[in-house]
Amino acid sequence: MLPAMAAKPSIAIVGPGRLGSALAVALRRALYEISGIVSPKNAASKRKAATLARKVRARVSVADDACLKADVIWFCVPDREIKNAAQQLAVAIDWKGKIAFHSSGALLSDELNILRERGAAVGSIHPMMTFVTGAIPSLKGVPFAMEGDVAAIRAARRIARDLGGEAFTISKQHKTAYHAWGSFASPLLVALFVTAEQVARAAGLSAHQARRKMLPIVSQTIANYRTLGPAAAFSGPIVRGDAEIVRKHLQMLRTIPEARKAYLALSQAAMRHLPARNRAQLKSALEG
């Protein structure tokens, strides 16, 4: 049984990348002590770690020489590096009574089994948010999906709450579906926008013009989806049942095969899940 932890445990961040940096800053603002930033050995990572450490008043170390006195060790490295990072730190410190998290949306807490075997409670805690260079998002209202040992989940819930997030548990068998859902919500949404830019080029616009000119309709669509729900937010030729316009779209999109495939896939999804008139004619247009 792990001992009860203080209201705000000290936290060390392993990995000074986009996620680790955003979390460290958010945790510091929430009055958590960031006791350490653990960096890979390469010079670029060390520079990032040093910059982040100054922001959050933390000590910098590398995995081979880590001296972490934190209550919580939070692995914020790429998915493929989690197990290796845990192995490197497994013998560096005493893990009894500590909490270890990783933030993969797809992988299980079992990636940290080596630390569990050494007495740590382990868990995965994944904020469903996009982290990119040049932007530090607010975590207020962000869902944090959690899975792992009871003590780790208890600590994770407390931290997510203090960050303004909304914690929820997810079963191991559902993590891959959860992560795929997140992919549709952000990276594949950006891919859709880039595809739309290619169609705009066929209409004589540059990519820059397309981005600027489609932002109002994108913003309103998201606002409608949020306040009205998907059915009421759905507009265009499918909801109107205008099969002839759909045929014209598909004919023009033969010059942009990737966009045509996306159009067909999304139109077929719309036919299954959203309101549409003249379904027989629309189906014929999409299959033609």
For this session: State all residues of the stretch 9-34 that are in contact with a Ser or Thr (Cβ under 9 Å, 6 or more places away or on another chain) and of a type in the set (D, E, K, R); if no residue qualifies, say none.
Result: ARG18, GLU33
Exercise. Could we say that SER35 is closer than 18 Å to ALA92 by Cα, in a strand (DSSP E or B) and in contact with a Cys (Cβ under 7 Å, 6 or more places away or on another chain) here?
Worked result: no
Exercise. Taking the condition charged (D, E, K, R), more than 11 Å from VAL14 (Cβ to Cβ), in the same structural domain as GLY164 (by TED's automatic domain parsing) and at pLDDT 95 or above, does ASP110 pass?
Worked result: yes
For this session: For residues that are over 15 Å from HIS102 (Cβ atoms) and not in a helix (DSSP H, G or I), tally how many sit in the stretch 123-163.
Result: 16
Seminar exercise, completed: ILE34 passes all but one of the listed conditions (1) buried (at least 20 other Cβ atoms within 10 Å of the Cβ); (2) among the β-branched types (Val, Ile, Thr); (3) within 26 Å of HIS179 (Cβ to Cβ); the exception is number (3)
Exercise. Could you say whether any residue in the stretch 118-140 is of a type in the set (D, E, K, R), in contact (Cβ under 8 Å) with a residue 40 or more places away in the chain and within 21 Å of ALA22 (Cβ to Cβ)?
Worked result: no
Seminar exercise, completed: Checked ALA63, ALA58 against criteria (more than 21 Å from the chain's Cα centre (by Cα), at pLDDT below 90 and either assigned by TED's automatic domain parsing to the domain that holds PHE144 or closer than 15 Å to ILE13 by Cα (or both)); the one match is ALA63
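Every residue, every condition in (1) surrounded by fewer than 16 Cβ atoms within 10 Å (Cβ to Cβ); (2) not in a helix (DSSP H, G or I), yes or no:
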site	(1), (2)
VAL194	yes, no
HIS208	yes, no
LEU215	yes, no
ASN224	yes, no
ILE245	yes, no
LYS248	yes, no
ARG260	no, no
TYR263	no, no
ARG277	yes, yes
For this session: Output the residues belonging to the stretch 232-243 that are in contact with a helix residue (DSSP H, G or I) (Cβ under 9 Å, 6 or more places away or on another chain) and either within 17 Å of GLN198 (Cα to Cα) or assigned to a helix (DSSP H, G or I) (or both).
Result: ALA232, ALA233, PRO237, ILE238, VAL239, ALA243
Exercise. For residues in the stretch 8-32 being of a type outside the set (A, V, I, L, M) and either in contact with a Lys or Arg (Cβ under 6 Å, 6 or more places away or on another chain) or not in a helix (DSSP H, G or I) (or both), which is nearest to ALA49 (Cα to Cα)?
Worked result: PRO16
For this session: Give the residue that is surrounded by the most Cβ atoms within 10 Å (Cβ to Cβ), with candidates limited to residues of the stretch 82-109 that are in contact with a Gly (Cβ under 9 Å, 6 or more places away or on another chain) and without any contact (Cβ under 8 Å) to a residue 40 or more places away in the chain.
Result: HIS102
For this session: May I ask you to say which residue of LYS41, LYS8, LYS48 is at pLDDT below 95, more than 30 Å from GLN173 (Cα to Cα) and buried (at least 20 other Cβ atoms within 10 Å of the Cβ)?
Result: LYS48
Problem set entry | Residue under evaluation ALA259, criteria (1) within 18 Å of VAL190 (Cβ to Cβ); (2) free of Cβ contacts under 8 Å to residues at least 24 places away in the same chain, criterion not met | (2)
For this session: Considering each of ILE170, ILE222 in turn, give the residue that is closer than 26 Å to ALA121 by Cα and not charged (D, E, K, R).
Result: ILE170
Exercise. Which residue, of ALA185, ALA177, ALA145, is in contact with a strand residue (DSSP E or B) (Cβ under 7 Å, 6 or more places away or on another chain) and hydrophobic (A, V, I, L, M, F, W, C)?
Worked result: ALA145
Exercise. Any idea which of (1) buried (at least 20 other Cβ atoms within 10 Å of the Cβ); (2) modelled with pLDDT of 95 or more is the one MET128 doesn't satisfy?
Worked result: (1)
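The values are calculated or read from the model by the stated rules, or taken from the named source; none is laboratory data. Computed from a predicted structure; not experimentally measured. All Cβ positions, glycine included, derive from the backbone under ideal geometry; neighbour counts span all protein chains shown.
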